[in-house]
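In what follows, a structure is listed as structure tokens, so that the remarks can point back to it.
The values are calculated or read from the model by the stated rules, or taken from the named source; none is laboratory data. Remember, predicted model here, so these are calculated numbers, not experimental data. With ideal geometry, Cβ positions are generated from the backbone for all residues, glycine too; neighbour counts draw on all protein chains shown. The area values use the complete protein model at the heavy-atom level, side chains included, leaving out ligands, DNA and RNA. Shrake-Rupley method; radii C 1.70, N 1.55, O 1.52, S 1.80 Å.
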Amino acid sequence: MKFLLQVESGLLGDDMGLGKTIQSLAVAEAIDAKKVLIFTPASVKWQWRDEIRKFIESDRRTTVIHGTPKKRQELWHDDDQRFYVANYEQVLKDLEHINCREWDLIIADEATKISNPRAEVSKHIKKIRSKRRIAMTGTPISNRANEIWSIIDFCSPGALGNYWKFLERYCTKNQWGGIQGYRNLDELNARIKRYMIRRLKEDVLTELPEKIVADISFPLTDKEKELYRKIKEEILHEIDHTDIVKLANPMTIQYTIVKMIRLRQLADSMELLGQNEDSSKLAVLKDKLSEVMDSGVKAIVFTQFAEMADIIVRELKDYRPLLISGKVSGQYSEIVEKFNTDEDRRILVMTSAGQFGLNIQRASVIIHYDQEWSLAKMLQRDGRAHRMGQTRGVLVYNLLAKGTIDYYIKRVLHGKSRISSTVLGDALPTMAEIREMLRDDEL
């Protein structure tokens, strides 16, 4: 908090679970901010209201911006409130009403939402009048080093100079103008430190229970293997017959990665491809859950696919699992509260809709049904349970189908975790890496 008071506006990049919310609220209290605007993902804005009421018991003047345009207008102009909580998308619709006053403090939670300088949300949020700004994220660089420019520019406009000059100084580009690498990262880190504080769990929370990660590998059935081989050969055939000039084009790479989603879906369940309901991975999940449930713990199961989340809930119906996904209506905080307090609800199935902002310390087992390409997003998943307030050790299981893309992605993530902290990115694979994966004898 001392750093944020000194710099007035800056980036709070502490690791997940180290209390960024309470630190930002402490700043609001220390500066006696009369009007505080908080932007957050829609899924957690009601949780922010609850956190404010918990940490600042003497002040319950908090409103969550929601409803029809007329209703939102009334809420924005309600001068009796102190904290105004909104989701990022509302800045596109309500900028005129948001600027009805100058804010004493703006807090941007999960600030990777404004990491793309070309996005309209990023442009609009920087137009809001305010005396101080705090950006918060446990993953300051979730994909590419150039993303830090937009977040720092929100906190302190112009601090890192013009965006295009920033790219010229710190990024290397391919022949299509796409960013393919970074340079001068030591210099960039030195510049960023003036505006950002980042602490890791191992540095400041020695009392936090241990996190143990284990891979659970298993073979596919012959039917699953045969279908996997056919899909893989189809993708390879298309790559081999693509003009060599086009192969390095970022659009070609993105298109190929999209096609590879079918491989990931097959490793999860053939049902996602319209086949039968047999799934080796589902069988492994059921076995692991029956084992850990006997010890009385609660577990979170993560998957990338909303359809897979529905299948998992169906297959685990005897456990009466709860579900958080983009297809679920209502407030996620209410689902989390039920999971945390109801001893009969011991499994929570989540997609990426629940990766950010939720506090689920009641869970002490995390199962990654499938892997994200991004290491930062995997850490966001773990951070829902392995955070301040956790009293148990946290067990993290990765379900990896042998001979599939599961193993390749895990290999990529391990490689990223060993890279020096000066390399600030989780770049997508190159076409050469994709070919290597598809031709790997083990895959």
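Does E102 meet the test of being open to solvent by 80 Å² or more (accessible area, probe 1.4 Å) and at pLDDT 95 or above? For E102, the condition - open to solvent by 80 Å² or more (accessible area, probe 1.4 Å) and at pLDDT 95 or above - is met.
Candidates R60, R133, R49, R82: the one that is in contact with a helix residue (DSSP H, G or I) (Cβ under 7 Å, 6 or more places away or on another chain), surrounded by 14 or more Cβ atoms within 10 Å (Cβ to Cβ) and not small (G, A, S) is R133. Looking only at residues in the stretch 2-40 that are touching a strand residue (DSSP E or B) at 6+ places or on another chain (Cβ under 6 Å), in a helix (DSSP H, G or I) and of a type in the set (A, V, I, L, M), the one that is modelled with the lowest pLDDT is L4.
When R381 is tested against (1) open to solvent by 50 Å² or more (accessible area, probe 1.4 Å); (2) of a type in the set (K, R); (3) under 21 Å from the mean Cα position of the chain (by Cα), just one condition goes unmet, and that condition is (1).
Every residue, every condition in (1) at pLDDT below 85; (2) within 24 Å of the chain's Cα centre (by Cα); (3) not in a strand (DSSP E or B), yes or no:
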{"position": "G138", "(1), (2), (3)": "yes, yes, yes"}
{"position": "A145", "(1), (2), (3)": "yes, yes, yes"}
{"position": "G158", "(1), (2), (3)": "no, no, yes"}
{"position": "G181", "(1), (2), (3)": "yes, yes, no"}
{"position": "D186", "(1), (2), (3)": "yes, no, yes"}
{"position": "R191", "(1), (2), (3)": "no, no, yes"}
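Checked against (1) hydrophobic (A, V, I, L, M, F, W, C); (2) exposed (fewer than 13 other Cβ atoms within 10 Å of the Cβ); (3) at pLDDT below 80, I212 passes all but a single condition, namely (3). Taken together, the residues in the stretch 235-251 that are surrounded by 12 or more Cβ atoms within 10 Å (Cβ to Cβ) and either at pLDDT 65 or above or outside any helix (DSSP H, G or I) (or both) amount to 7.
For K286, the requirement of being surrounded by 16 or more Cβ atoms within 10 Å (Cβ to Cβ), touching a residue at least 40 places away in the same chain (Cβ under 8 Å), assigned to a helix (DSSP H, G or I) and among the charged types (D, E, K, R) is not met. A count restricted to the stretch 55-111 and to residues that are in contact (Cβ under 8 Å) with a residue 60 or more places away in the chain, charged (D, E, K, R) and under 24 Å from I22 (Cβ atoms) stands at 3. Selection of the stretch 291-309 for residues being surrounded by fewer than 18 Cβ atoms within 10 Å (Cβ to Cβ), in contact (Cβ under 8 Å) with a residue 12 or more places away in the chain and of a type outside the set (V, I, T) yields M293, A306, E307. Scan the stretch 358-374 and give yes if some residue there is modelled with pLDDT of 75 or more, within 17 Å of I212 (Cα to Cα), among the hydrophobic types (A, V, I, L, M, F, W, C) and open to solvent by 10 Å² or more (accessible area, probe 1.4 Å), otherwise no. Checked the stretch 358-374: no residue is modelled with pLDDT of 75 or more, within 17 Å of I212 (Cα to Cα), among the hydrophobic types (A, V, I, L, M, F, W, C) and open to solvent by 10 Å² or more (accessible area, probe 1.4 Å).
Looking only at residues in the stretch 111-136 that are among the charged types (D, E, K, R) and part of a loop (DSSP other than H, G, I, E, B), the one that is modelled with the lowest pLDDT is R118. Among the residues of the stretch 41-50, is there at least one that is within 16 Å of I134 (Cα to Cα), outside any helix (DSSP H, G or I) and not small (G, A, S)? Among the residues of the stretch 41-50, at least one is within 16 Å of I134 (Cα to Cα), outside any helix (DSSP H, G or I) and not small (G, A, S), which makes the answer yes. Of note, A26 does not satisfy the criterion of being within 26 Å of S150 (Cα to Cα), touching a residue at least 40 places away in the same chain (Cβ under 8 Å) and not polar (S, T, N, Q). Take the conditions touching a residue at least 60 places away in the same chain (Cβ under 8 Å) and more than 28 Å from D15 (Cβ to Cβ) and apply them to K35. Does it pass? Against the criterion (touching a residue at least 60 places away in the same chain (Cβ under 8 Å) and more than 28 Å from D15 (Cβ to Cβ)), K35 qualifies. Sort out which residues of the stretch 10-46 are small (G, A, S) and open to solvent by less than 20 Å² (accessible area, probe 1.4 Å), and write them in order of number. Once the filter is applied, which keeps residues that are small (G, A, S) and open to solvent by less than 20 Å² (accessible area, probe 1.4 Å), the stretch 10-46 yields G10, G13, G17, G19, S24, A28, A33.
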